[in-house]
Amino acid sequence: MSKPVGPYTPIVKAGPWLVTSGQIGIADGALADGFEAQLRQAMANLAAVLESEGASLSDVTKTTVFLVDMADYAVMNGIYTELFGDHRPARSAVAVAQLPLGAVVEIEASAYMG
């Protein structure tokens with residue numbers, strides 16, 4: 001699991017719920033190159049954060065995806081579907097002006113462990 005880039009906790013357990021902070025496509029202190037690579041790394045980071053508490057992507061009930069460019073929405077949907085498989089958590093996708101460290105995508109999630 002990557003070290004947070006700010007003063008926050010990557011994942012919080014609240015009873016049977018897990019809530020993650022937003023994950024960007026960073027590994028070994030550097031952003032992945034390009035939208036697709038950043039999204040795949042952000043999802044890998046999300047999976048790692050969940051796994052640190054004994055959960056997986058299949059436990060996710062809700063995600064929020066932050067996109068710097070809504071033109072990436074269709075590509076995001078393809079990769080998101082590939083990585084979540086048949087599991088379909090509720091989701092919001094929003095455009096934002098800027099993300100930490102110059103990232104182009106960020107994803108946060110809630111998971112239920114009940």
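Points worth noting:
- Taken over the range 76-91, the residue count meeting the criterion of being surrounded by fewer than 14 Cβ atoms within 10 Å (Cβ to Cβ) and not β-branched (Val, Ile, Thr) is 8.
- Matching entry among 105, 94 (being of a type in the set (Val, Ile, Thr) and either touching a residue at least 60 places away in the same chain (Cβ under 8 Å) or surrounded by 18 or more Cβ atoms within 10 Å (Cβ to Cβ) (or both)): 105
- Among the residues listed as 33, 28, the single one being among the charged types (D, E, K, R) and at pLDDT below 95: 28
- Residue count, the range 21-30 (criterion: touching a residue at least 12 places away in the same chain (Cβ under 8 Å) and surrounded by fewer than 19 Cβ atoms within 10 Å (Cβ to Cβ)): 2
- Of the residues making up the range 58-75, those that are surrounded by 18 or more Cβ atoms within 10 Å (Cβ to Cβ) and touching a residue at least 40 places away in the same chain (Cβ under 8 Å) are 59, 60, 63, 65, 66.
- Of note, residue 16 does not satisfy the criterion of being modelled with pLDDT under 95 and loosely packed, with under 13 Cβ neighbours inside 10 Å.
The values are calculated or read from the model by the stated rules, or taken from the named source; none is laboratory data. Computed from a prediction, not measured in an experiment: that's the story for all the values here. A quick note on method: Cβ atoms are made from the backbone with ideal geometry, for glycine too, and the neighbour counts reach across all protein chains shown.
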